[in-house]
Amino acid sequence: TRQERARARAMTREWWLHVALLCVPLVAVYLHVPQPQLSRALHTWRATGRSFSFRGNSIFYKEAVGPVGSSDTVVLLHGFPTSSYDWHKIWEPLKQRFHRVIAPDFLGFGFSDKPRPHAYSIFEQASIVEALLSHLDLAEQKVNLLSHDYGDTVALELLYRSEQNRSGHLAINSLCLSNGGIFPETHYPRFLQKLLKDCGFISPLLTRLINFHLFSRGIGEVFGPYTQPTEAEHWDMWTSVRFNDGNLVLDSVLQYINQRLTHRDRWVGALTSTLTPREYIPHGQTSPTLVHRSTISILDEHISHYPQLEDPTGFMNAYLSFINSF
């Protein structure tokens, strides 16, 4: 009857109202999920690190002193979107070879400050590395740069400054790059990265919608099939991103992809023209220009984007073979 249909419609509206009332607080909680607690390993990494101030922001870094007989210094430049903790599996072997091992968290990453709004840039990150080494009284000493992903582009800016004899530049003894997409025409950002860097006013909403499950799924896709992170390792990477609400600056940090296109000639030119000893530890296809001018160490074919985590022994053997060759 008409009354029964009206009653059914009223009940349906009431049901949807209850669903909406339930969803509102759930969405609110979802968008303001508390930061995960640091694991014991991350807590130790942070507790044994230090920080210095750069233009009003706190920059975290780890430093270790190795054998007395060595005078070599290696600076580790991590990738997007993680942190200096990416190097923890090869930290001890590096200490055995180098007198000083230094690994900063870039601004917007890990345990460093993550200001917003902020115009994050490769140029600023390179200046942070220069300032850190000056802070550590290493500005005049030759250093070895070992980089991965995002860190590769920072390393190339440092190389460009060194080649141009820029005041305050680093003296670079060697350069080792790993999976940094340094040739922008052969680098294809992931779908979510494209959305975050190009969607303008929608990007801040997207950064809040990223959760552990989306993050771990994306990270898992760039690891090899037989070298997947454990759940604890997924959580450590996610925790480093979420620390100080770092997920909310992902869209700003990702502008480095556009910067690589804009400044391609500057950074690729520095790489292809330098006489500095350089190594590349890639996966997949490699640019012929880079093959022609650099030493190449290709790991097992199942190793993917994070070789220092997926195959730390193989990665260290390749790097030490390079560093001990000159």
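The values are calculated or read from the model by the stated rules, or taken from the named source; none is laboratory data. Please read these numbers as outputs of a predicted model, since none were measured by experiment. Because the Cβ atoms are built from the backbone with ideal geometry, glycine has one as well, and the counts that use them run over all protein chains shown. Surface accessibility is based on the protein's heavy atoms, side chains included, excluding ligands, DNA and RNA. Shrake-Rupley method; radii C 1.70, N 1.55, O 1.52, S 1.80 Å.
Please find, among Phe326, Phe315, Phe243, the residue that is of a type in the set (A, V, I, L, M, F, W, C), open to solvent by 10 Å² or more (accessible area, probe 1.4 Å) and at pLDDT 95 or above.
Of the residues listed, the single one that is of a type in the set (A, V, I, L, M, F, W, C), open to solvent by 10 Å² or more (accessible area, probe 1.4 Å) and at pLDDT 95 or above is Phe243.
Okay, residues lined up against (1) assigned to a helix (DSSP H, G or I); (2) at pLDDT 95 or above:
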site: Ser58; (1), (2): no, yes
site: Gly69; (1), (2): no, no
site: Glu92; (1), (2): yes, yes
site: Phe109; (1), (2): no, yes
site: Tyr120; (1), (2): no, yes
site: Phe123; (1), (2): yes, yes
site: Ala126; (1), (2): yes, yes
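Scan segment 221-236 for residues that are open to solvent by 60 Å² or more (accessible area, probe 1.4 Å) and either at pLDDT below 95 or of a type outside the set (Gly, Ala, Ser) (or both) and jot them down. Before you say what the answer is, go through the steps one by one.
Of segment 221-236, the ones open to solvent by 60 Å² or more (accessible area, probe 1.4 Å) are 221, 225-226, 228, 230-232, 235.
Result: Glu221, Pro225, Tyr226, Gln228, Thr230, Glu231, Trp235.
Of the conditions (1) in contact (Cβ under 8 Å) with a residue 24 or more places away in the chain; (2) of a type in the set (Val, Ile, Thr); (3) under 30 Å from Ala119 (Cα atoms), Thr48 fails just one. Which one is it?
(1)
Give me the residue from segment 135-168 that is in a loop (DSSP other than H, G, I, E, B), open to solvent by 10 Å² or more (accessible area, probe 1.4 Å) and closer than 18 Å to Asp72 by Cα and, out of that set, modelled with the lowest pLDDT. Steps first, please.
Start the filter on segment 135-168 by keeping residues that are in a loop (DSSP other than H, G, I, E, B), which leaves 136-141, 148-149, 164-168.
Restricting the remaining residues to those that are open to solvent by 10 Å² or more (accessible area, probe 1.4 Å) gives 136-137, 139-141, 149, 164-168.
Add one more test, that the residue is closer than 18 Å to Asp72 by Cα, and what stays is 136-137, 139-141.
Details: Leu136: 96, Asp137: 93, Ala139: 86, Glu140: 83, Gln141: 89.
Within segment 135-168, the match that is modelled with the lowest pLDDT is Glu140.
Looking at Val101, is it out of contact with any strand residue (DSSP E or B) (no Cβ under 6 Å at 6 or more places or on another chain), of a type in the set (Val, Ile, Thr), without any contact (Cβ under 8 Å) to a residue 60 or more places away in the chain and assigned by the TED database to the domain that holds Phe243?
Numbers: out of contact with any strand residue (DSSP E or B) (no Cβ under 6 Å at 6 or more places or on another chain): no; of a type in the set (Val, Ile, Thr): yes; without any contact (Cβ under 8 Å) to a residue 60 or more places away in the chain: yes; assigned by the TED database to the domain that holds Phe243: yes.
Against the criterion (out of contact with any strand residue (DSSP E or B) (no Cβ under 6 Å at 6 or more places or on another chain), of a type in the set (Val, Ile, Thr), without any contact (Cβ under 8 Å) to a residue 60 or more places away in the chain and assigned by the TED database to the domain that holds Phe243), Val101 does not qualify.
Just the residues that are open to solvent by 20 Å² or more (accessible area, probe 1.4 Å) and farther than 23 Å from Asn244 by Cβ, please, taken from segment 67-90.
Pro67, Val68, Gly69, Ser70, Ser71, Asp72, Lys89 - these are the residues of segment 67-90 that are open to solvent by 20 Å² or more (accessible area, probe 1.4 Å) and farther than 23 Å from Asn244 by Cβ.
Quick test of your reading of the structure: Phe223 fulfils all but one of (1) part of a helix (DSSP H, G or I); (2) under 15 Å from the mean Cα position of the chain (by Cα). Name the failing condition by number.
Against the list (1) part of a helix (DSSP H, G or I); (2) under 15 Å from the mean Cα position of the chain (by Cα), Phe223 comes up short only on (1).
Looking at segment 200-220, is at least one residue under 18 Å from the mean Cα position of the chain (by Cα), at pLDDT below 75, surrounded by 16 or more Cβ atoms within 10 Å (Cβ to Cβ) and of a type in the set (A, V, I, L, M, F, W, C)?
no
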